[in-house]
Amino acid sequence: MKHLILLFCLLPFSGKAQSTLSLAECVDLLAKNNLIYQQSSLQAEAAQAQLRQTKSQILPQISFGTSQTLNAGRSIDQSTNTYIDEVFGNSSLGLNFQVPVFQGFKVQNQIRQGVLLKESADENRTAILNAQTVLLMQNYVNVLATKALYESWTEQVLSSETQTDRISKQVNAGTVGVNLLYEIKAQLANDKFSQVTALTDYRTARLALFQRMNVTPDDKIEFEALAPRDSTLTAASAIDIYEDAQKSFPEIRSAELYRQSFSYQVKSIKALNYPSLGLQGGFGAVYATSNKNLDYFNQLNATRNGSLQLNLNIPIMGRWLTKPRVELAKVQERQAQNTLDVTNQVLRQAIELAVLNLQSMADRQASAEGQVESLTAAFAVIESKMNAGIANSYEYSLAKANLAKAQANAIQAKYDYLMQQRLLQYYRQGNWTGVF
């Protein structure tokens, strides 16, 4: 069954030799297949089922029963109320009902608690999906970054191969020494090693993304590039973002609803100290084979009887039993309040860090791009000198290594900034609308 589901999830992409998945499509696959999110969905369903079970306690209990008895020896004939000594059979029919009239509002408070727990579970399900989406977005951006790094190193390898071919021709022509060729080949070997490392990182990042979506890895699938976003957020706006997030983020609402549920739990426990009132009744009839004068239906008609009973229960020492339970519920409420405080703290710190990182990463990207521009020009000069035979291999290798490092930094800075832009947009909105 699981393989069929995965097949249907990837069915739209199977008609092409090579398919492209966008970030939004990856999120859709995540919601369908991610087991952590599915676990939270099951917990929400369990909370809903628990609420229905609690509500059922206010319904009347109605039952119908019948019994068949074989009697031997001395018995009382129910039709004449006299002793008889014979083997006979009798059957009885009965309809009973029981209705709780008043229980100190115990069930009503349990229902209110169940509603809050159900809503908390629903919010928690959304919070889990959001958390998994953030991790998915990190995996997605990492795939794009490692792919760009691999392509950069591939260009470096091609450049070194071109330079090696040029030096090889110069060696054959006798214009340069063979030692220069060996040094250039060493540079080519280093570039190929870095290329293989980058390819491994790219494949690992792809595998992590597919595993996050719980989808079978497919080498034919590519991932759509992300466009940069304009951002005017500053560090001073972090407080405003946090104040809005407190009202909209599902993890905050889930923790708050869970905390509120304990107040109703306390009330439902205290209800056990109050008198309770219940109504019950029944209607029945009896048939006995010892009565030869009346047939089956006439006997049922003759023996029909009903009852109605009102029960009052007044607890005398109930507080001795409920007090420890109330104390435990109040401790759990304080624990829930602490969980809510921790959730608020984590969210606030995450937003503060995201705002700070956005500006830092913007500066880092601009600096890295400027570094690439300068080192590209410097490398072009060294390469031309190398081709003219007036530069040594050490200068060439150093300039090439510095340029490769700067390009790698620029690529990483670019994708870190893209990721941070989307993450902060999510914090600002409280949802994923327009983020993908």
* Structure fact -> Label model pair Leu356, Leu42: point-to-point distance (7 angstrom along the Cα→beta-carbon line) in nm is 4.0
* Asked: Using 0.36 nm per residue, how much length does the chain from Val178 to Glu373 gain when fully extended, once their Cα-Cα distance is taken away?
  -> 67.0 nm
* Asked: Straight-line reach from Lys323: which lysines have a Cα under 30 Å away, not including same-chain ones fewer than 8 places off?
  -> Lys55, Lys106, Lys118, Lys267, Lys270
* To do: Stick to Cα atoms and the Kirkwood definition of Rh, then tell me Rg/Rh for segment 279-436.
  => 1.67
* Mind checking the alpha-carbon convex hull of segment 185-305 and giving the volume per residue in Å³? -> 474
* **Simple label model, 7 Å out from Cα along Cβ direction - Gln349 to Ser56, nm** => 4.4
* Chain lengthening between Asn96 and Lys185 when straightened (0.36 nm per residue, less Cα-Cα) -> 22.5 nm
* Structure fact -> Relative to the chain, whose Cα atoms define the longest principal axis, helix 238-248 and its Cα axis are tilted in degrees, nearest 10, by 30
* Asked: Given a 1.4 Å probe, how much area per residue of the chain is accessible, in Å²?
  -> 58
* Structure fact -> Expressed as a whole-number percentage, the relative contact order of segment 364-436 with C-alpha contacts under 8 angstrom and at least six residues apart is 36
* Would you work out which of Gln371, Gln345, Asn402 lies farthest towards the positive end of the dipole of segment 340-411, given +1 charges on the beta-carbon of Lys and Arg and -1 on that of Asp and Glu, about the Cα centre? => Asn402
* Structure fact -> Of every hundred units of 1.4 Å-probe accessible area on segment 176-296, the number belonging to carbon and sulfur atoms, as a percent, is 55
* the chain - Rg over Rh from alpha carbon coordinates, Kirkwood radius -> 1.31
* To do: Collect residues whose amide H, placed 1.01 Å from N in the peptide plane, falls under 5 Å from the amide H of Phe105; neighbours closer than 5 in sequence don't count.
  => none
* In nm, what is the difference between 0.36 nm times the number of residues separating Arg166 and Asp28 and their Cα-Cα distance? -> 44.6 nm
* Tell me, what ³J(HN,Hα) does each residue in segment 35-48 have, in order and in whole Hz, if you take phi through Karplus 6.51 cos²θ - 1.76 cosθ + 1.60 with θ = phi - 60° and put x for Gly and Pro? -> 6, 5, 5, 5, 5, 5, 5, 5, 5, 5, 5, 5, 5, 5
* Folded to 0 to 90 degrees: helix 319-388 orientation relative to the chain principal axis, Cα -> 20
* Helix 106-173 sits at what angle to the longest principal axis of the chain, using alpha carbons and giving 0 to 90 degrees rounded to 10? -> 20
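The values are calculated or read from the model by the stated rules, or taken from the named source; none is laboratory data. If you're wondering where the values come from, they're calculated on a predicted model, not measured in any experiment. All Cβ positions, glycine included, derive from the backbone under ideal geometry; neighbour counts span all protein chains shown. Ligands, DNA and RNA are excluded from the accessible area calculation, which covers all protein heavy atoms including side chains. Shrake-Rupley method; radii C 1.70, N 1.55, O 1.52, S 1.80 Å.
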